Amino acid sequence: MKALRTPEASPTKGAYDELVTGQGTIRYHWQALLSVVRSLPGTGFAGRVERARLQLVEGGATGIATPDGAPPVEAWTLEGLPLVVSPSDWRLLEDGLTQRARVLDAVLADIYGPQRLLAERVLPPALLHANPQFLRPCHSPDSSSPVRHLVTYAADVVHMPDGSWAVLADHTQAPAGAGYALHIRRTLARALPEAFRAVAVRDIGPFYEQWQETLAELATGGRGNPLIALLTPGPYAQTYVEQVFLARALGMTLVEGADLTVRADGVALKTLEGLKHVDVLLRRLDSAYCDPLELRADSTLGVTGLLGAARSGKVTVANALGSGVVEAPALAPFLPGLARHLLGEDLRLPALDVWWLGEKPALDHALAHFDSLVFRPAFEAAPSGRPAPSVPDADRRALYDNVRAQPSAWLAQRRVVPSVAPSWSGEGLRPDPLILRLFVVARDGDYTLMPGGFARTPASDPLALPGRLDGQLRDIWVLAEDDADVVIPSSARFQRLAVQRGVDLQSRIADNLFWLGRYTERLDNTARLTRAALSRVALGPMGPRDQTELRQLTRALSDMGLIGAQEALAPPDSMLLTQTLTRFTADGRPIAETLRAIKRLAASTRDRLSADMIAALDALLGAMNRRLAAARGDVDRQLAALDDLIRFVATFAGLSQENVTRGAGWRFLDIGRRLERSHFTCRGALSPFSYTPLVWESAMRLALELCDSTITYRTRYLGALEPAPALDLVLLDDSNPRAVAFQLQAIHHHLAELGRTTGSTVDFAAEPHVGELRDAVMMFARDERAWRHEGLALAQLRHALDRLEQALGQLSDDLTRNYFSLVPASRMLGLPVV
């Protein structure tokens with residue numbers, strides 16, 4: 001390991017150095033950690049951090065999913081060196097932020113209640129009514145307002161050059177990042193166990209337990225085991241993965257607006273077992289989008305009538321709707337006065353040098369010192385500052401004119417210089433600027449601060465968009481002083497719960513799991529069919545048998561809708577057919593589109609799949625995309641990539657069998673796979689049996705190859721190919737996991753179990769279809785003349801396959817109607833027949 005170097009000068013002039021004192025010595029609270037870093041064996045600290053980063057990337061923690069299924073955009077990376085905070089500094093932060101939370105909660109209670117602060121001129125009316133985050137429908141001057149508006153609160157904090165602490169931004173709308181804090185802590189504990197043994201770091205786990213208890217106490221109706229849900233904007237939100245982590249940490253259900261409905265008795269979760277009353281919603285959706293009825297009418301993310309249900313006390317929303325109003329930077333200059341007015345206390349965390357320009361003295365001061373100040377929009381929760389000295393002359397004049405024209409829309413402040421802390425680089429330690437994200441939750445009539453959090457080194461200007469989670473994130477280690485820092489969770493959370501086996505599965509999740517199963521199996525089927533065709537092209541000059549089989553395969557590809565009819569009619573040895581098959585893995589073609597659909601569905605069901613399964617899926621999907629991109633135009637590489645695709649599906653199937661509880665979600669996942677496999681066997685693997693003239697030997701060989709049953713057939717029947725044994729193996733053999741009868745029996749069993757657990761049934765009888773197929777196969781066994789000349793046996797087989805395909809299509813529709821869309825079956829209207 002390269003020697004640690006002590007930075008002699010900070011890269012940010014005048015910044016507070018977290019590691020080094022003014023005398024050039026290491027601060028005492030960093031010394032134990034640095035000793036551990038120096039003593040690590042092998043590749044040392046760099047190797048540990050690299051493994052931790054890889055673990056986060058493979059688990060999808062650092063990425064943002066995209067709607068088009070493209071590889072996720074990396075939002076942040078892990079900095080392995082934590083920020084160590086001394087107990088004395090932490091006490092200042094704890095006192096200051098819990099007090100700040102009390103002030104903001106009291107401000108919210110007044111703004112959406114009696115509005116005495118406006119009447120008494122403590123707050124200027126323009127500061128409130130010009131704020132787009134002030135939601136007038138949330139104003140409840142009577143007693144129907146929430147008991148506590150601010151349940152959770154986060155603050156971006158900076159260490160000032162003089163060693164004091166100051167709040168850069170308040171997050172009261174839907175504070176983000178607590179899920180990342182816990183995940184980063186767990187990842188670092190796994191990577192650096194020696195450091196956690198050597199340094200007395202306060203545990204952040206009890207904070208989440210206290211959070212759970214607070215939410216349970218907010219439940220309406222006083223139920224012993226309330227249903228608490230986390231309302232998310234969906235899988236394409238920037239912090240969706242963090243929301244999944246948080247929902248798991250707090251033991252709550254992750255829901256989207258479409259999963260919820262408002263009824264007379266409150267908000268209900270739409271599940272397969274019916275509507276379940278929701279007691280508390282921890283929202284991560286901005287207030288304005290939560291209710292299209294009373295707030296933003298164009299929102300498709302919220303729940304119609306949610307504000308009315310919250311107003312009537314039938315559901316608790318945390319934080320209360322409209323709480324984003326106190327995020328406005330323009331409120332900061334008034335917080336010292338608000339603290340004295342509302343709490344009778346001085347504000348413990350010093351206010352920044354900031355002025356709201358809606359008041360004439362502040363405007364005159366800002367214009368007089370225009371060239372030395374930073375100007376920010378007054379009502380944006382995470383505004384980007386514009387330092388006047390660095391703005392070009394023309395833009396500076398425009399900025400000056402804008403400030404003069406609309407002074408109440410602007411805020412002026414002095415430049416803030418954040419502290420610097422060591423970051424690991426290949427050459428040693430590098431000082432980087434830091435903004436701390438700290439979290440507060442209501443508890444026992446007051447607030448409690450998480451003894452940790454994370455610090456962020458932004459990707460660009462530290463003061464531009466302070467609320468954004470990008471750049472490098474690192475853990476915050478708060479040193480424990482004594483045993484009193486170890487918090488013992490109260491026994492209130494231990495309740496006598498009835499043992500149950502069912503699970504409340506949202507209809508949307510059931511639908512997504514069903515299609516995840518279908519798309520993964522469709523990927524396998526497409527890869528097998530394409531591999532069979534491409535492997536014959538790769539052989540070079542083809543004999544008559546290979547040409548016949550290739551014609552049948554291209555017709556099967558056309559029947560499955562994978563290539564056009566014109567391409568399917570191309571001669572087997574033509575350049576057109578070769579180009580068609582070698583372009584099959586290109587972007588925009590069926591395999592790439594199916595992979596995108598799988599990735600999209602996996603993202604939307606992330607909270608229902610195990611961490612191991614998600615990590616495996618992300619890694620496999622990433623590897624598949626890279627293999628397919630590298631294989632374009634190369635037949636050998638494409639065949640290798642198709643082999644990998646088939647192995648990927650096999651891995652997914654194994655994970656779904658061994659890592660998913662046999663509940664309703666797993667059943668829909670498996671039904672999707674079984675239904676798609678049955679459809680492929682009828683339409684794809686057995687399609688050569690529907691062609692005229694029928695080449696029997698080729699049709700049987702392809703059916704066995706595409707159903708992965710060639711070895712079993714050879715083991716049983718040596719080398720002789722006959723229709724009855726071949727068709728029995730791929731259609732009727734219930735010991736063959738590729739046989740149609742195996743799929744139909746599994747579907748029948750799943751539907752019976754779903755009917756028993758949910759009370760909603762879908763009629764699908766497997767035995768009649770298996771019986772029809774059995775009768776057709778038996779005809780092949782009786783007399784060779786019955787099938788050699790495309791006689792009655794073949795006609796009966798084709799008829800049975802067609803009927804089965806129709807039944808499978810009807811089954812998919814019935815599942816959608818009964819379980820996913822919850823729409824009753826249509827009924828014919830008309831007068832009764834007399």
Checklist entry - How many residues are over 30 Å from A533 (Cβ atoms) and open to solvent by 50 Å² or more (accessible area, probe 1.4 Å) when one looks only at region 608-635? => result 3
Item to check | Qualifying positions in region 131-156 - touching a Pro at 6+ places or on another chain (Cβ under 8 Å), of a type outside the set (D, E, K, R) and not in a loop (DSSP other than H, G, I, E, B) | outcome: T152, Y153, A154
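Just to be sure before I move on: is L128 in a helix (DSSP H, G or I), touching a residue at least 60 places away in the same chain (Cβ under 8 Å), closer than 24 Å to L306 by Cα and open to solvent by less than 20 Å² (accessible area, probe 1.4 Å) in the structure I sent?
Yes; evaluated as a whole, the condition is true for this residue.
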Checklist entry - Applying the selection to region 198-212, what residues are closer than 17 Å to A455 by Cα, part of a loop (DSSP other than H, G, I, E, B) and open to solvent by 20 Å² or more (accessible area, probe 1.4 Å)? => result R202, D203
Checklist entry - farther than 30 Å from N319 by Cβ, modelled with pLDDT of 90 or more and not in a helix (DSSP H, G or I) - does that describe any residue in region 383-403? => result no
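Out of L729, L744, which single residue is assigned to a helix (DSSP H, G or I), touching a Ser or Thr at 6+ places or on another chain (Cβ under 6 Å) and either at pLDDT 90 or above or open to solvent by 20 Å² or more (accessible area, probe 1.4 Å) (or both)?
L729 is the lone residue from the list that is assigned to a helix (DSSP H, G or I), touching a Ser or Thr at 6+ places or on another chain (Cβ under 6 Å) and either at pLDDT 90 or above or open to solvent by 20 Å² or more (accessible area, probe 1.4 Å) (or both).
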Item to check | In region 337-364, the residues that are surrounded by 15 or more Cβ atoms within 10 Å (Cβ to Cβ) and not in a loop (DSSP other than H, G, I, E, B) | outcome: L338, A339, H341, L342, V354, W355, W356, A362, L363
Next on the checklist: Taking the conditions exactly as written (in contact with a helix residue (DSSP H, G or I) (Cβ under 7 Å, 6 or more places away or on another chain), open to solvent by 40 Å² or more (accessible area, probe 1.4 Å) and part of a loop (DSSP other than H, G, I, E, B)), does K270 satisfy them or not?
Outcome noted: no
Item to check | Pair list, Cβ < 9 Å and 6+ apart or interchain, from region 657-676 residues that are within 11 Å of M613 (Cβ to Cβ) and touching a residue at least 40 places away in the same chain (Cβ under 8 Å) to residues that are assigned to a helix (DSSP H, G or I) and open to solvent by 20 Å² or more (accessible area, probe 1.4 Å) | outcome: N659/D612; N659/A616; V660/R608; V660/W666
Checklist entry - Out of T651, T661, which single residue is open to solvent by 20 Å² or more (accessible area, probe 1.4 Å), out of contact with any His (no Cβ under 7 Å at 6 or more places or on another chain), of a type in the set (S, T, Y) and closer than 23 Å to A592 by Cβ? => result T651
Checklist entry - Using beta carbons and a limit of 7 Å, which pairs, at least six apart or on different chains, have the first residue in region 697-709 and under 9 Å from V730 (Cα atoms) and the second one crowded, with 22+ Cβ neighbours inside 10 Å and among the polar types (S, T, N, Q)? => result C707/T681
Checklist entry - For region 627-645, does any single residue satisfy the condition of being among the basic types (K, R), farther than 30 Å from S507 by Cβ and assigned to a loop (DSSP other than H, G, I, E, B)? => result yes
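Let's see how each residue does on (1) within 18 Å of D446 (Cα to Cα); (2) touching a Lys or Arg at 6+ places or on another chain (Cβ under 8 Å); (3) not β-branched (V, I, T):
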site: V103; (1), (2), (3): yes, no, no
site: P114; (1), (2), (3): no, no, yes
site: N131; (1), (2), (3): no, no, yes
site: F134; (1), (2), (3): no, no, yes
site: P137; (1), (2), (3): no, no, yes
site: D142; (1), (2), (3): no, no, yes
site: A154; (1), (2), (3): yes, yes, yes
site: M160; (1), (2), (3): no, no, yes
Checklist outcome for this item: Checked against (1) surrounded by fewer than 14 Cβ atoms within 10 Å (Cβ to Cβ); (2) among the basic types (K, R); (3) touching a residue at least 24 places away in the same chain (Cβ under 8 Å), R716 satisfies every condition except (3)
Next on the checklist: Among the listed residues A237, A195, A247, A229, identify the single one that is part of a helix (DSSP H, G or I) and either over 27 Å from R48 (Cα atoms) or not aliphatic (A, V, I, L, M) (or both).
Outcome noted: A247
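Do you know which of the residues in region 756-772 that are outside any helix (DSSP H, G or I) and hydroxyl-bearing (S, T, Y) is modelled with the lowest pLDDT?
Of the residues in region 756-772, the ones outside any helix (DSSP H, G or I) are 759-765.
If we keep only those that are hydroxyl-bearing (S, T, Y) as well, we get 760-761.
Details: S760: 83, T761: 86.
So the residue we want is S760.
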Next on the checklist: Can you report the number of residues in region 705-715 which are touching a helix residue (DSSP H, G or I) at 6+ places or on another chain (Cβ under 7 Å) and either at pLDDT 95 or above or not in a loop (DSSP other than H, G, I, E, B) (or both)?
Outcome noted: 5
Checklist entry - Which one of R430, R404, R414 is within 35 Å of the chain's Cα centre (by Cα) and either open to solvent by 10 Å² or more (accessible area, probe 1.4 Å) or outside the structural domain of L104 (by TED's automatic domain parsing) (or both)? => result R430
Item to check | Cβ pairs under 8 Å, 6+ apart, first in region 160-180 and within 19 Å of A421 (Cβ to Cβ), second among the aromatic types (F, W, Y) and surrounded by fewer than 22 Cβ atoms within 10 Å (Cβ to Cβ) | outcome: M160/Y16; P161/Y16; D162/Y16; G163/Y16
Checklist entry - Would a scan of region 717-725 turn up a residue that is out of contact with any helix residue (DSSP H, G or I) (no Cβ under 8 Å at 6 or more places or on another chain), part of a loop (DSSP other than H, G, I, E, B), small (G, A, S) and not assigned by TED's automatic domain parsing to the domain that holds G561? => result yes
Checklist entry - Exactly one of (1) open to solvent by less than 20 Å² (accessible area, probe 1.4 Å); (2) at pLDDT below 95; (3) not hydrophobic (A, V, I, L, M, F, W, C) is unmet by E753. Its number? => result (1)
Checklist entry - Is it the case that region 157-178 has a residue that's open to solvent by less than 10 Å² (accessible area, probe 1.4 Å) and in a helix (DSSP H, G or I)? => result yes
Checklist outcome for this item: Among (1) in contact (Cβ under 8 Å) with a residue 12 or more places away in the chain; (2) part of a helix (DSSP H, G or I); (3) more than 30 Å from L227 (Cα to Cα), Q579 falls short only on (1)
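Quick check on my filter: what residues within region 512-556 are more than 21 Å from L686 (Cβ to Cβ), at pLDDT below 90 and assigned to a helix (DSSP H, G or I)?
V537, P544 - these are the residues of region 512-556 that are more than 21 Å from L686 (Cβ to Cβ), at pLDDT below 90 and assigned to a helix (DSSP H, G or I).
The values are calculated or read from the model by the stated rules, or taken from the named source; none is laboratory data. Source: prediction; values computed, not measured. Virtual Cβ from ideal backbone geometry, glycine too; neighbours counted across all protein chains shown. Calculation scope for accessible area: heavy atoms of the full protein, side chains included, ligands and nucleic acids excluded. Shrake-Rupley method; radii C 1.70, N 1.55, O 1.52, S 1.80 Å.
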